[in-house]
Amino acid sequence: MAEDKMLTNAPVETDIIDTHSVFMNTGGAIRQVKVEDFKRGLTQNDSLILSELAFYIDINQPSSFTVDKSYRVDTGGNMRMRQLWEDASKSVLMDEHGNYCVLKRSNNQYTEDGSYVLAADGTVHPDFAHADFMKIIPKTYGRIQMVGETESPTLRCWFSLVPLPGGYIIPQQVVGKFKAGLVSGKMRSLPGLIPDNNKSIYAFWGQAQARSKKHGLANADFRAYLLIHMMSKYGWRDSQNCKIDNGSIVWGVGLDGTESLNTGETASEVGFARQKNIKTGATLLLGDTDGNSVVKDINNKDCHSVNVAGFENPWGQYWEMVQGLCSVGTDVYCWRHNFIPANTPVASDFVNVEHVKLTRATSAQASDMNIIATQDGQGFYPIPKGHISNISYGDYYSYGASGQLWLFGGDSNNGSNCGLARAYSNFVWSYSSSNISARLAFYGDVVEVSPQRFRELA
């Protein structure tokens, strides 16, 4: 008789109506809940529709992992959508007007029709000399959902390729696959070049504008994209130690200076000098696949350039200046328009510029990222504003009260402090240095053409 009372032996019901009840675990106790109430709970705060249309990352929430807990991050939702979102990005050759042809996803040394795009010395083939190597990141829809207790909810970040209820839009991005190169006074994204450096952010932007008035520098959305890619795909915050399920490292240290060392040396002493002249392009053979490629330092020692979602060395070798971010005190102004102030910015410079005002942390150990849940500025911003226990990106954040310029990634002197979340906010707006570069971006409309037509457009 006892066996007949087991729930698993109860008759199966195929017609479910609102007045029926289901059993559920409510904090360790078994309770009944009516189907109509159960459905209402699922749709509360759009949870059901979000889980069907989008994937999420609990960016500012300590993970549920027991191993490497502080470096891991919880994800969920529709992971098929996460893969579709990743697959919607494409590496391309693009001319100054926004015309582009698609590169082979498995090996960016070829166009989709099999044309080889490199010359024998690793620079771009003359047939494609009018092109920059770029990647198009699709328009992305986001939603910041407040989950849990009303007094202190978790801000859950959802992302999708389709509109989300009560959400926001991250515009399409077109960003250079390599750090900035310089050709005839114009910023380019090309293989076979030593990254350009030693210029102020306004000077870098001017060289991008020399390419065309629709060109500028990669902005904060790009840095957020890289983190979203890593965290959602692998469940890790720590770039250098990010692993797949079998424990294999995805990228490793990259050009952080540690692979160029002899016994007794440190990256801060010799790393940048050893790795600064490594040329762009080694990761093209990886296509859009995450991983690394062997390159040689100045002493002919092996080290590795990393490929993150098709972007080469977003950390290591040279810092990258970022457009669309400027600190004024502890406030950080964030904008998407293609402009950069020429002189030292003050708060009044942004009155007529559409922007979101963020807060930056005033201490080095910062892991609490800016997340805004309200409609005005809703979104995730890779700017640390404080510290959360049991959360670490394995990277370093630097703060200076008078600093206005934002740098990301770290250079080859930074060793293990390098990474996708590495940020530096110490320098004045006009600062320039031989260890700082930038990355090209295109802010205009784009048009796909065939590889043959693209060659004709030259």
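Amide hydrogen proximity for His215: with H placed 1.01 Å from N in the peptide plane, the residues at 5 or more positions away or on another chain lying under 5 Å are Tyr443. Using the rule -39500 (n - 2.57) for each DSSP H run of four or more residues, divided by the residues of the chain, the 222 nm mean residue ellipticity is -4000 deg cm²/dmol.
Computed over the Cα atoms of segment 417-458, pair by distinct pair, the Kirkwood hydrodynamic radius stands at 15.0 angstrom.
Extension gain for Ala364-Asp445 works out to 25.2 nm (0.36 nm per residue, less the C-alpha to C-alpha distance). In whole percents, the pair-distance distribution calculated for the chain from its alpha-carbon pairs, binned every 20 Å from zero, is 24, 54, 17, 5, 0. The distance separating the Cα centre of segment 141-190 from that of segment 82-103 comes to 16 Å. What the phi angles of segment 421-430 give under the Karplus curve with 6.51, -1.76 and 1.60, with θ = phi - 60°, is a coupling list of 8, 4, 9, 9, 10, 9, 8, 6, 4, 8 Hz, glycine and proline written as x. Shown is the FRET efficiency for Arg453 and Ile49, computed with R0 = 56 Å from the Cβ-Cβ distance and rounded to the nearest 0.05: 0.85.
Think of each Lys and Arg Cβ as +1 and each Asp and Glu Cβ as -1; about the Cα centre, that makes the dipole of segment 390-458 roughly 80 debye. Here's the list of aspartates and glutamates a cross-link from Lys214 could span, going by alpha-carbon distance under 16 Å and ignoring same-chain residues fewer than 8 apart: Asp95, Glu96, Asp132, Asp445.
Determine, for each peptide in 414-423, 204-213, the mean count of other beta carbons within 10 angstrom over its residues, then list the peptides with the highest first.
Descending packing order for the listed peptides: 414-423, 204-213.
Measuring from a point 7 Å past the Cα of Asp127 along Cα-to-C-beta, which residues in segment 94-120 have an amide N at less than 12 Å? Residues 110-119 fall inside that zone.
Can you give the FRET efficiency to the nearest 0.05 for Lys34 and Thr289, using r as the Cβ-Cβ distance and R₀ = 45 Å? Before the final figure, lay out the partial values.
Numbers: r = 49 Å, r/R0 = 1.10.
About 0.35, to the nearest 0.05.
Readers should treat all values here as calculations from the given coordinates under stated rules, not as data from a laboratory. The model shown is predicted, which means the values in this text are computed figures rather than measured ones. With ideal geometry, Cβ positions are generated from the backbone for all residues, glycine too; neighbour counts draw on all protein chains shown.
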